[in-house]
Amino acid sequence: MSRGVPHGRSGSRRIAALLSAIACGSVLVSCSSDDGGGSTASITPRPTPPNASNFTGTPPSAIASAASSIIESATGRASSAAASVSARASEFAASVSADTARAAATAEKQLKNVKGSGNATSEVSMTGLPTAETGGLRAVVVTITNNSGKTASYAVQVDFKNPDGKVVQTSFVGKENLEPGKKAQPVVISRQPAEPQLTPVLAKAQRY
C-alpha cells in the first residue's frame, strides 16, 4: 500500500517565502527570505519633487543683498543728479548776480519816476534761456542796443506774469555808458516756482 507524503517543514518554508514576497511587493520595501537559498529582493521608491507653490519665507540672503544694492545705487544716482542740478542753478544765479546787482539798483532808481513805458522800449528785446543751461531756473536775456547815436545809459524793468496776467515778480537791469551801435545783454532770473508758467514782459525801458 502506498503512503501519502506529508508537506512537512519544507512545505511550510515555501509557503512562508511566498507570503513574504507578496508582503514585500505590497509595501515597496527591501525584504529577504528566510529559506536556505539566501536570495534578496530590493525595490527603491522613486523620489517625488517638492511642490514649490507651498514654499514660504524670505529670499536667500544673497538675492536680498543684491536687490538692496540696486535700490541703494539708484537712489544714490537720483540724489546725485538732484544735487548737481541744484549746484548748477546756484552757480548760474551767483554769476548773474555778481554782474548785475549794482546795475539793477541803479536802474530801479532811474525808473522810479518814469511815467508809462519809457523812451527806449524799441531798443530793448528779450530772449528766454533753456533751463538746461540755468540749472532749472527761468532766465531771460535782455538785449539793449544803443540806437541813439551817442553814448547813453539804460534802465530796464521786466515783469513776470502768471497765466491770469498778475505780476508775481519785478526785476531791474541796466547798462551804463553804452556806446552808439553797441549792445549789452544782462540776464534777469525768476525765483518763482516752475509752475504755473510765467511770462516775462518788458514793462519799462528808459535811456538817460
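Every read-out reported here was derived from the displayed coordinates using simple, explicitly stated rules and does not represent laboratory data. Given the structure is predicted, the values throughout are model-derived calculations rather than measurements. Glycine gets a Cβ as well: all are built from the backbone with ideal geometry, and neighbour counts include every protein chain shown.
A few notes on this one:
- With both labels modelled 7 Å from their Cα along Cα-to-Cβ, the Val167 to Glu91 distance reads 3.5 nm.
- At an R0 of 30 angstrom, the distance between the Cβ atoms of Thr127 and Arg102 translates into a FRET efficiency of 0.85.
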